[in-house]
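Worksheet: one structure, shown below.
The values are calculated or read from the model by the stated rules, or taken from the named source; none is laboratory data. Since the structure is predicted, the reported quantities are computational estimates derived from the model, not experimental observations. When we count neighbours, we look across all protein chains shown, and the Cβ atoms used for this are built from the backbone with ideal geometry, even at glycine. Remember, those area values only see protein heavy atoms, side chains included, never the ligands or the DNA or RNA. Shrake-Rupley method; radii C 1.70, N 1.55, O 1.52, S 1.80 Å.
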4 protein chains.
Amino acid sequence: MCRWLAYQGAPIFLADLVSRPGHSLIAQSRRCAEAKVDMNGDGFGLGWYGECPEPGLYRDVHPAWSDENLLSLTEQIRSRQFFAHVRASTGTATSRANCHPFRYRNWLFMHNGQIGGYERIRRKVEALIDDRVYPSRSGTTDSEAIFLSVMSRNPEEDPLAAVAGVLDSIFALMREAGIEEPLRFTAALADGDRLLAIRMASDGNAPSLYWRRCEKGLSVVSEPLDQTREGWRAVPAGHALVFGGDGDPVFKSLGSIGASRAA
Amino acid sequence: MCRWLAYQGAPIFLADLVSRPGHSLIAQSRRCAEAKVDMNGDGFGLGWYGECPEPGLYRDVHPAWSDENLLSLTEQIRSRQFFAHVRASTGTATSRANCHPFRYRNWLFMHNGQIGGYERIRRKVEALIDDRVYPSRSGTTDSEAIFLSVMSRNPEEDPLAAVAGVLDSIFALMREAGIEEPLRFTAALADGDRLLAIRMASDGNAPSLYWRRCEKGLSVVSEPLDQTREGWRAVPAGHALVFGGDGDPVFKSLGSIGASRAA
Amino acid sequence: MCRWLAYQGAPIFLADLVSRPGHSLIAQSRRCAEAKVDMNGDGFGLGWYGECPEPGLYRDVHPAWSDENLLSLTEQIRSRQFFAHVRASTGTATSRANCHPFRYRNWLFMHNGQIGGYERIRRKVEALIDDRVYPSRSGTTDSEAIFLSVMSRNPEEDPLAAVAGVLDSIFALMREAGIEEPLRFTAALADGDRLLAIRMASDGNAPSLYWRRCEKGLSVVSEPLDQTREGWRAVPAGHALVFGGDGDPVFKSLGSIGASRAA
Amino acid sequence: MCRWLAYQGAPIFLADLVSRPGHSLIAQSRRCAEAKVDMNGDGFGLGWYGECPEPGLYRDVHPAWSDENLLSLTEQIRSRQFFAHVRASTGTATSRANCHPFRYRNWLFMHNGQIGGYERIRRKVEALIDDRVYPSRSGTTDSEAIFLSVMSRNPEEDPLAAVAGVLDSIFALMREAGIEEPLRFTAALADGDRLLAIRMASDGNAPSLYWRRCEKGLSVVSEPLDQTREGWRAVPAGHALVFGGDGDPVFKSLGSIGASRAA
């Protein structure tokens, strides 16, 4: 399982969350506490919104803990909305194109989880991607396929509905193929203004997800960034955290997605 | 355009063709003579048959000219049938999964050329790949898609017919999509026993391809490996060179492939 | 020979010089016009001053032309003083530690050129590095050794004198060893406020170096960034360009360095 | 701490030790049992003797567990004497030049351990390297410096004496500098015919080292390659295992090295 963090608020240096805290994301790349695998050494990525509508992207296949470029970038770049991700592959190759976050126009996406039995329905999941969007398919992960499927549903108006629609379609494909393994999905989506963080699983074992509102802004993380864990609250399973930049986030139930399956 | 070489015969060190000759493939990665681009720095690969039915594979994203691993391997490995390739990307990313040769079970394939307008028919080309073979699709190149389509047609009995069938299907897809750009295809296919090298183009401009029979075996190359060019003969455009390990290669016309188009 | 560019002035996006112009530095990595080798594919680097005293650094071993991270960073990062470099190795390995620019505290340095017969005097050149600075020696290039030797001479007060002193010492080492090959040195040094660009050679063949003052600031480059070459003037051989951020740069003769040798 | 294995005997596929056993070296790169750090993701390397006097070398900066090239090579290459190493950096950069094994002419060397306070005596340790050998210094590790110092002492006649001499010199440098941290040294040295494996530490905490004689040959490993640990015996601390290809290895005490220090 991967580890990730998302931030939105007053511009801060990426280092404040990615590299400096005691249990920072880079520290978690070496050893994480709440996941099945205890290391995330199969690549990493940063995505951040700066002065352009399109976000910046820095992804590489090295372990995060030994990449001097990553460290230097987090110390130089200040952003009002950014994603960071360290990857533990669930089978697909370690390549830049398979590293998170993924970018499409002004959108960023990252994911921790897995589509059960993906290899058996991969082509059908890829068929959810619109012809217009398909040229952007540059890797082979289920995560990128989900993201490009969401991008195929004109997410501008209601991004959560687009995500929910794609998840519904994937559950249908899994059922059709008789797949027993669960779908687990803990993901973040942003467009420079809005932040969505979704936590769900078809089998009741949604990967961990926490959030904290501090003076400067909102952080959403796979694992608390400090050992005390003070102030971190779990995002409820089967829910989406929706944040527009002000006040507290709103939580929306994913309700009927996956029908009779436990969220 | 990429540069490649294939060898079959008595076992020789890969270095004898890949790194030592004056105009060796590694030298061609820096500067080639007969291609549109004058450098092939977007990755490289070796594939070779040793003691196992499945060939060895070594591919990386660095330029061939600066990879010490590549040099060391060519000096250590001796093989009776091997492929080597240096890549100049025609647009797809520089990743290991996009480097040639490609391997599927006991088969190796490499390619120099391009499907015109590939982005517009990519998904349809990928649909030529059988469900059984599709999990092996690990990159995004047209070359890998062609290879896996060939593998989907049970190539064991008549590999040339499998290649010709796939090319025919691709020409049909191109016509259907109204694509004007040419298909250019100079490729090699091997299974440990047999070697096929194909040279064709839909517009009369097939990439260069040469062969030479020496005492030890047969070499097929994008460009002669020495400046004198002594003994190298062109593979005729629109033809396949077929070699079984003994004597001289046989040349077969690709005939009607691509219908009225010039080969 | 490598290619580089340095900028100082009003903050601009790195892309304005590194990736967008017709003959941008990234374009020069593929094909340059005025150098002995026609490609610079052995790594690249960016160094830039942002909000911290210490500059940011992004270096990697891939060719610049195929690195999506590099492209993204140049489009996001805006800086008042930055360096960019594409490398053609003169023999040392392609590793991040051998890529330019080099950083020491708040200083940046990059270089195009070569110490003649370096392998024969390498250890003596390294002995010019102070014990205090030596732990920062992380690669094997002559360029890094020169830089750390300059840093060993307390460059804060008079950086040009520090560079000149090191070059003098190296000339002495070369003479002592009876080295006939020339020293060629076209380099830039910055500390966030000041920019130095030096052009010299012991044999009268100093690598090319140009400068242009535009509305926003000063650019110094190995080669003009556009084909028209309008407004670019050569830095005279045997001279240093010194710039403090305002008005026109000042040119200082390197005079007696290397004694009787032609500059 | 790193993990390594060495083999000498009848030619076997590298995969038999490197990738296939339950607790193979590649498995140990993800999780090892007896070391301070529980992961070795900072690069890896293979060195093997084939048909040439000079051994082959394949080293890269990725974690061993995700490198398809490594897997393919171990399945193809058969050797009578080979080394494999997975690295956990003790501070120096992750670069190919810092990966083990190191090669000099027909010699191979690899190491698990550390010179205490190395940064403070690095230049003096490097001064143990002969001028003739110094051009081969291509990285910055203490391990490579030790190896090149051994190579500077004409190791052909008595390789163990050369190693012991270098260790003695390093202990002297440490004492002189008042270094309190220990020297820990578990290393292997080979020349195609002979295999040396040394286990020692100045503080009584020598890193683990095991050996096993099987039908085909001798294996020496940081950790047993199977969970049962059957047949593996510890190399006694303060001793060198010396093997010439036949019968059982001989163990020699390192005796007075480091003088009054516990071995």
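One residue is enough: does the stretch B:150-172 have a residue meeting the conditions of a type in the set (Phe, Trp, Tyr) and within 14 Å of another protein chain (Cβ to nearest Cβ)?
Looking for residues that are of a type in the set (Phe, Trp, Tyr) and within 14 Å of another protein chain (Cβ to nearest Cβ), one finds none in the stretch B:150-172, hence no.
Would you pick out the residues in the stretch D:150-161 that are open to solvent by 10 Å² or more (accessible area, probe 1.4 Å) and either in a strand (DSSP E or B) or more than 24 Å from D:Gly9 (Cβ to Cβ) (or both)?
D:Ser152, D:Arg153, D:Asn154, D:Glu157, D:Ala161 - these are the residues of the stretch D:150-161 that are open to solvent by 10 Å² or more (accessible area, probe 1.4 Å) and either in a strand (DSSP E or B) or more than 24 Å from D:Gly9 (Cβ to Cβ) (or both).
Report those strands (runs of 3 or more DSSP E) wholly inside the stretch B:166-263 carrying at least 1 residues which are within 18 Å of the chain's Cα centre (by Cα) and in contact (Cβ under 8 Å) with a residue 40 or more places away in the chain.
B:183-190, B:195-201, B:217-221, B:239-243, B:250-253
Looking at D:Gln227 and the list (1) touching a helix residue (DSSP H, G or I) at 6+ places or on another chain (Cβ under 9 Å); (2) at pLDDT below 95, which single condition is not satisfied?
Among (1) touching a helix residue (DSSP H, G or I) at 6+ places or on another chain (Cβ under 9 Å); (2) at pLDDT below 95, D:Gln227 violates only (1).
Look through the stretch A:119-133, keep the residues that are facing chain B (nearest Cβ under 10 Å) and open to solvent by less than 60 Å² (accessible area, probe 1.4 Å), and return whichever of them is farthest from B:Ser138 (Cα to Cα).
A:Ile129
What strands (runs of 3 or more DSSP E), lying completely within the stretch B:31-104, carry at least 1 residues that are touching a residue at least 24 places away in the same chain (Cβ under 8 Å) and more than 8 Å from every other protein chain (Cβ to nearest Cβ)?
It comes to B:44-48, B:78-86, B:102-104.
Out of all the residues in the stretch A:134-142, is one or more crowded, with 18+ Cβ neighbours inside 10 Å and away from chain B (no Cβ under 14 Å)?
So far as the stretch A:134-142 goes, no, none of its residues is crowded, with 18+ Cβ neighbours inside 10 Å and away from chain B (no Cβ under 14 Å).
So how many residues does the stretch B:108-118 have that are out of contact with any strand residue (DSSP E or B) (no Cβ under 7 Å at 6 or more places or on another chain) and in a strand (DSSP E or B)?
Residues in the stretch B:108-118 being out of contact with any strand residue (DSSP E or B) (no Cβ under 7 Å at 6 or more places or on another chain) and in a strand (DSSP E or B): 0 in total.
Output the number of the condition that A:Ser89 fails; it satisfies all remaining conditions of (1) modelled with pLDDT of 95 or more; (2) within 28 Å of A:Arg120 (Cα to Cα).
(1)
Among the residues of the stretch C:61-101, count how many are surrounded by fewer than 24 Cβ atoms within 10 Å (Cβ to Cβ) and touching a strand residue (DSSP E or B) at 6+ places or on another chain (Cβ under 7 Å).
Residues meeting the conditions: 10.
So C:Glu181 clears everything in (1) touching a strand residue (DSSP E or B) at 6+ places or on another chain (Cβ under 9 Å); (2) crowded, with 17+ Cβ neighbours inside 10 Å; (3) away from chain D (no Cβ under 14 Å) except one condition, right? Which one?
Against the list (1) touching a strand residue (DSSP E or B) at 6+ places or on another chain (Cβ under 9 Å); (2) crowded, with 17+ Cβ neighbours inside 10 Å; (3) away from chain D (no Cβ under 14 Å), C:Glu181 comes up short only on (2).
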